[in-house]
Amino acid sequence: MTRSPLLAVEHLTMRFGGLVAVDDVSFTAYDREITAIIGPNGAGKTTVFNCLTGFYPTPVGRLRLTGGRGEFLLERMDGFRIAQKAGVARTFQNIRLFPRMTVLENLIVAQHNVLMRASGYTAAGLLGLRRYRVAEHEALELARSWLDRLGLTAQSDWEAGNLPYGSQRRLEIARAMCTKPVLLCLDEPAAGLNPRESAELRGLLTETRDQHGIGILLIEHDMSVVMGISDHIIVLDYGSMIADGTPSEVRSDPAVIRAYLGEEETEQLPPEVAGDLHQEGRI
């Protein structure tokens with residue numbers, strides 16, 4: 001099967017004063033695939049995300065997105081246009097739902113731009129014109145379809161902050177998907193989840209990839225999630241890329257094992273042990 005490039009990161013470099021957070025990183029993420037970015041703490045993973053989504057300006061490098069909405073150079077775009085025009089949606093390490101809004105309202109607010117355009121920026125909405133009513137109906141249907149998929153229909157009127165933690169994590173992904181992205185960027189979506197919730201998350205992400213035909217870029221420390229669902233893995237260490245390949249290639253890469261365990265420990269490991277460390281959640 002031919003793979004279609006979705007995101008090409010070329011020579012991305014990001015410095016904070018004298019600290020090089022990302023050092024000449026280049027990789028390609030493909031359409032209809034889950035690409036994981038992993039590495040020890042401080043490896044530069046979230047900095048890459050912040051550059052891709054416009055939270056940080058990109059002083060060096062090119063970020064080319066090619067999808068159903070056209071071709072975009074993300075490093076030249078304002079952050080809000082990256083989401084609105086290029087179709088890049090994102091979640092964060094810490095949950096950022098609107099906790100006092102209802103579960104349903106959190107999914108409707110994600111469609112704010114579509115509704116505002118349909119309203120003619122308030123006029124059509126105030127007058128109840130047909131184009132706005134149609135857009136409002138479609139927004140509700142999309143939100144309800146995600147509630148049904150998440151098993152949260154009965155909780156649609158709950159305040160989002162009252163949901164169990166795992167449900168909040170999945171709701172945040174659904175809210176991002178309500179923007180109809182071409183690239184979904186997830187920053188540690190399994191953080192704080194128990195094994196059952198992690199299994200539900202894995203199912204949600206693979207189903208989202210397959211049913212919606214989008215690319216997913218994933219930062220994650222839970223190796224059961226990474227190795228279980230990723231098509232492609234990028235490994236960073238101290239801002240540099242040290243591996244790029246399939247899960248089977250990455251889990252047995254000596255440079256990856258050294259990055260997670262250190263040189264002295266890995267010198268004593270036989271290959272079969274090093275290759276299975278991912279099962280313990282260590283790589």
Which residue out of L97, L140 is within 25 Å of the chain's Cα centre (by Cα) and assigned to a loop (DSSP other than H, G, I, E, B)?
-> L97
In region 128-140, what count of residues is obtained for those that are at pLDDT below 75 and surrounded by 11 or more Cβ atoms within 10 Å (Cβ to Cβ)?
-> 1
For residues that are at pLDDT 95 or above and at positive phi, tally how many sit in region 198-229.
-> 0
Of the listed residues (T35, T13, T102), the one being under 30 Å from R144 (Cα atoms), over 14 Å from the mean Cα position of the chain (by Cα) and surrounded by 15 or more Cβ atoms within 10 Å (Cβ to Cβ) is T102
Which residues, taken from region 184-225, are touching a Phe, Trp or Tyr at 6+ places or on another chain (Cβ under 7 Å) and farther than 22 Å from Y30 by Cα?
-> G192
Count of residues meeting criterion [closer than 21 Å to R69 by Cα and not basic (K, R)] in region 2-20 = 8
Can you find even one residue in region 163-173 that is outside any helix (DSSP H, G or I), in contact (Cβ under 8 Å) with a residue 60 or more places away in the chain, assigned by TED's automatic domain parsing to the domain that holds R3 and surrounded by 15 or more Cβ atoms within 10 Å (Cβ to Cβ)?
-> no
In the list A43, A29, A36, which residue meets the criterion of being under 20 Å from D244 (Cβ atoms), hydrophobic (A, V, I, L, M, F, W, C) and in a loop (DSSP other than H, G, I, E, B)?
-> A43
Within region 175-231, work out how many residues are part of a loop (DSSP other than H, G, I, E, B) and either crowded, with 17+ Cβ neighbours inside 10 Å or under 10 Å from the mean Cα position of the chain (by Cα) (or both).
-> 13
Residue pairs meeting the criteria (Cβ under 8 Å; at least 6 apart or on separate chains; first free of Cβ contacts under 8 Å to residues at least 24 places away in the same chain, in region 133-154; second of a type in the set (S, T, Y) and not in a helix (DSSP H, G or I)) = A135/S119
Can you confirm whether region 208-218 contains a residue that is of a type in the set (S, T, Y) and closer than 14 Å to L150 by Cα?
-> yes
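The values are calculated or read from the model by the stated rules, or taken from the named source; none is laboratory data. Predicted model only: the values in this text are computed from it and were never measured. As a convention, Cβ positions derive from the backbone with ideal geometry for all residues, glycine included, and neighbour counts pool all protein chains shown.
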